[in-house]
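Data first, discussion second: the structure below is written as structure tokens.
The values are calculated or read from the model by the stated rules, or taken from the named source; none is laboratory data. Quick caveat: nothing in here was measured; it's all calculated off a predicted structure. Here the Cβ positions follow ideal geometry from the backbone for every residue, glycine too, while neighbour counts run over all protein chains shown. For the accessible areas, the whole protein counts, side chains as well, though only heavy atoms, and no ligand, DNA or RNA atoms are used. Shrake-Rupley method; radii C 1.70, N 1.55, O 1.52, S 1.80 Å.
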Amino acid sequence: MAAGAPASGGGSDAICNFVICNDSSLRSQPIIFNPDFFVEKLRHEKPEVFTELVVSNITRLIDLPGTELAQLMGEEDPKLPGANSTASGFFRSLISLKRKEKGVVFGSPLTEEGIAQVSQLIEYLHKNLRAEGLFRVPGNSIRQQILKDALNSGTDIDLDSGEFHSNDVATLLKMFLGELPEPLLTHKHFHAHLKIADLTLFDEKGNKTSTPDKERQIEALQLLFLILPAPNRSLLKLLLDLLYQTAKKQDKNKMSAHNLALMFAPHILWPRNVTANDLQENITKLNNGVTFMIKHSQKLFKAPVYIRECARLHYLGSRAHTSKDDLDLLTSSGSKELQPLKTQKRSRLDSCHQEETQQRTEEALKELFHHVHNMPDSAKKKKLIRQFNKHPTALTPGSDVPTSPAPRRTRSRSFSGLIKRKVLGTPVILERKSRDTTPEPVRVSKENVQLLQKCGSPAHMSQMKLKSLEGQKEGSCRRMRARLLSKDSSSL
């Protein structure tokens, strides 16, 4: 299957607007279109440009001081709560001792291979979401160790065999997240998440209220997730989707989105090597932030519409906008603001098509005009020239071709002249060629008729008219032949 862009797409919209499928067995399958195609392309091919684009829009939504912005960009090491305390130093040494015994999956930096192993746990839990106290009730430690060793060794595990309980698997998933060298949402993003939790609505006087601004929070999280490392973003999407489905069945498992956030915030958002005392008033913000992520997880992994448009314009060679304000979005859905761009694109394509068609038409008319001009003087030629003269702007190809008719020559209409032209036609023609400089006649053939049809001027000179002219010529020849034969028979 080969994909092509719209003409570009949209091309449309479109690195990818049409699909050519050569496999007949796949033609009935639905076509999957990724609206974030250009976003992912820009992220992988030009990560610095992509990061600058996203971060510039993050700073538009939340206020990040210079130090915190440098940490988000990776230019400085993150400065986290409790980093200088004695307790945190003890925990760091303890964690370092544990990591000396780390296996292939647990305790190692996050990789795609590790995600492939852990995804078995997530897939199993999706089928067992009704267990009461899921993620809160601990499982059996012996079974968990057996399962952990199997994952570290990379062996295949049959979780549906009944050997393991859903609480064993849920606890092991939390253990895997807790043993990562840094939280799933990374240390660099810690301060940004605290600022997102503070985004609230304003009242009529412009004062901040205590009501969360959900739209801005969703937009900020969408941007922040775009600059997560690829393995972190992949696992985060799998995890939040699992927790979202778990909260939907809270009537069975008794685990709401907030209860789940209390279980997972320390593993995916809290900085490593810190205690609850280090976080103090930030604990509520962090827990509420994870609750918000679970509830709105189905919206957080889509790039904002203006980021999509910037990435698309970057690859189409047009001026790329750098923020949502530059695009002057009319609605939050982003559907209306793209209409002018689509209209401009369509008009450019139409004008190019019209210019190309006009050029082909002029070339064809010019060639046809030359053919008619080179024909020998005859009534047929005069009639064709009159057709050109009636519409000089539409049919005359240019001033480089002379349009003045050839000088008239007297024709003999006597009976003897007819005899000479009929009986001595070849010598007369040869004699005429010797004293006349007119080029060889070019007959308006079937190819010329097709050329006329391509020119797009059927109202002026159609194939039916040319056929009628040729038919009149043949009819006059037949009548002249019959008249000659009748004269000859009468004279005899």
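Look at PHE292 and say whether it is assigned to a helix (DSSP H, G or I) and open to solvent by less than 10 Å² (accessible area, probe 1.4 Å). It is false that PHE292 is assigned to a helix (DSSP H, G or I) and open to solvent by less than 10 Å² (accessible area, probe 1.4 Å). From the set of residues in the stretch 124-144 that are among the charged types (D, E, K, R) and surrounded by 13 or more Cβ atoms within 10 Å (Cβ to Cβ), which is farthest from LEU262 (Cα to Cα)? Only one residue tops the list, namely ARG143. Residue count for the stretch 239-262 under the criterion of being buried (at least 18 other Cβ atoms within 10 Å of the Cβ) and under 17 Å from PHE176 (Cα atoms): the result is 6. In summary, PHE264 fulfils each of the numbered conditions (1) at pLDDT 95 or above; (2) within 17 Å of the chain's Cα centre (by Cα) with the single exception of condition (2).
Can PHE50 be described as at positive phi and modelled with pLDDT of 90 or more? Spelling it out, it is not the case that PHE50 is at positive phi and modelled with pLDDT of 90 or more.
Within the stretch 162-176, the set of residues being open to solvent by 30 Å² or more (accessible area, probe 1.4 Å), at negative phi, assigned to a loop (DSSP other than H, G, I, E, B) and not charged (D, E, K, R) comprises HIS165 only.
Restricting LYS205, LYS188 to those that are among the basic types (Lys, Arg), surrounded by fewer than 18 Cβ atoms within 10 Å (Cβ to Cβ), on the phi < 0 side of the Ramachandran plot and at pLDDT below 95 reduces the list to LYS205.
Among the residues of the stretch 146-159, those identified as closer than 14 Å to VAL169 by Cβ and either loosely packed, with under 12 Cβ neighbours inside 10 Å or among the aliphatic types (A, V, I, L, M) (or both) are ILE146, LEU147, ALA150, LEU151, ILE157, ASP158, LEU159.
More than 30 Å from SER56 (Cβ to Cβ) and not in a loop (DSSP other than H, G, I, E, B): is that true of GLN217 in this structure? It is false that GLN217 is more than 30 Å from SER56 (Cβ to Cβ) and not in a loop (DSSP other than H, G, I, E, B).
Kindly establish whether THR200 is within 35 Å of the chain's Cα centre (by Cα) and farther than 29 Å from ILE115 by Cβ. Yes; evaluated as a whole, the condition is true for this residue. Can you tell me which of (1) among the charged types (D, E, K, R); (2) under 23 Å from GLN245 (Cβ atoms); (3) open to solvent by 60 Å² or more (accessible area, probe 1.4 Å) is the one GLU179 doesn't meet? GLU179 satisfies all of (1) among the charged types (D, E, K, R); (2) under 23 Å from GLN245 (Cβ atoms); (3) open to solvent by 60 Å² or more (accessible area, probe 1.4 Å) except (2).
Within the stretch 267-291, the set of residues being in contact with a Lys or Arg (Cβ under 9 Å, 6 or more places away or on another chain) and closer than 23 Å to VAL137 by Cα comprises HIS267 only.
Within the stretch 138-196, can you find the residues that are among the small types (Gly, Ala, Ser), farther than 14 Å from GLN120 by Cβ and over 39 Å from the mean Cα position of the chain (by Cα)? Selection gives GLY139, SER141, GLY162.
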